[in-house]
Amino acid sequence: MPRTPIPRGATPLTLSETPLHRRPLIWMATMGALLLIMGLSLSGPEQSGVPIAEAESDTAESTRAEILAEAPALEPAVEVPSKLSWQDFTVGDGDNLSLIFNRAGFTDRDLYRVARYNDERSLRRIYPGETIGFQSDAEGNLLALRHVQSALLTTLYEREGDAFIASDITRVPERVARDISMTIDSSLFLAGSAAGLSDGMIMELAGIFGGVIDFVMDPRKGDTIHVLYEELVLDGERFDDGPILAASFTNRGETFEAYRYTDSEGDTSYYNEIGVSMRKAFRLAPLDFTRVSSNFNPNRLHPIYKTQRPHRGTDYAAPRGTPVYAAGDGRVTEAGYTRPNGNYVFIQHGEQFETHYLHLHRLKVKQGSRVKQGDVIGTVGSTGAATGPHLHYEFLVNGVHRNPRTVHKILPKARSLAEEELPRYLASIRQPVQQLASLRNAQQLALGE
Ligand SMILES: [Zn+2]
């Protein structure tokens, strides 16, 4: 005898298994049928609903839809009769459940009944900004409680007899493919912001190209950037950034491309069009470029030494307090103060390479500490022989100063994808390669007109 299929959502525990954005249709169909049966007689002033309830079979179960109705921050999709409304309270600083229950007109005894069999559930920890909602019957008895932890997660506590049964209602945002093209006028940051990229996305973009482009010194007016990325969408609105899938950066006529790829080991990274990792041993600009002024003249500083002493590094003028990053993985060999250097950090990278960071405002590392590329080691300042806040950065190869801006050309080659990985990689980037190329063409055509 064939097994009778269990109706989906028959038990609250299975609720979160189906991505909630797929549910509205089922739910709307069910509610539509219910509305017909009820002849709309229950319509009240509080008509709203949220398409996150699972389809339920009969009247006893239909309360779930009502319980979920008008969840805060969620858009009502269809009208439903809601005889029981939610009373919502925002968790404040220093709040606790007892205070919130009292504010809502319930007692510690009610709280005890909700919490009793739910020791491991969300109510153990509530955070400021979250919402606790109460639903009661005509006599004021608590029927259900909802703990809205985020737009994606609500825990529902429903009364059954003398107990409250908890279930999690999760939502999954939709992933939507997007592309964006921008032309640099003064900086990547301004171009990205103007194009509508979030700060986080711009930082990510800079991180991807940080081994081949110095975002303080390299960008020129007219450089172009094209990005294919995903956006996470909830209820038709942007909810969060998804990953950057591919990007190209044309800097003074030279085009760099980067493609996101997850290899057969499950590691995700960015590679160029022939499968060489974008992650280099050193990032070119060892500071948060978003805070660096765009048209800075590197030779303007150091009036004290400018004639007497050759300049052996790169100066990045930046506001005091700008984070300074370790250019690569390594170990801090010195972190201290001298009159010429001010507060300074030296980092040793393997046998051959050393990086120096001078005139720091604050040091964030100690001698001997291990650092990873991108760790904040200090902040920009003007300590020592410096006339204004800037980072003086030096790069040494076997003890000899090299130009930090061009040194990457003599550094060991970045990791390439393994031979057996390449065919799969090249197949996976075929489409984004074309997409980026056509974005570049479209832009060139637009410029030519
Ligand atoms: Zn300098």
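Computed from the coordinates by the stated procedures, all read-outs in this text should not be read as laboratory data. Just so you know, these numbers come straight off a predicted model, no measurement behind them. No Cβ is skipped: glycine too gets one built from the backbone with ideal geometry, and neighbour counts run over all protein chains shown.
Highest mean first, the peptides 333-345, 107-119 sorted by other C-beta atoms within 10 Å per residue fall in the order 333-345, 107-119.
Cross-linked pairs Lys221/Lys372; Lys221/Lys409; Lys366/Lys409: Cα-Cα separations exceed 27 Å for Lys221/Lys372; Lys366/Lys409. In this structure, the amide hydrogen of Ala318, modeled 1.01 Å from its nitrogen in the peptide plane, lies closer than 5 angstrom to those of His390, Leu391, counting only residues at least 5 positions away or on a different chain. Protection proxy ranking for 314-322, 427-435, using the average of other Cβ atoms within 10 Å per residue and placing the highest first: 314-322, 427-435.
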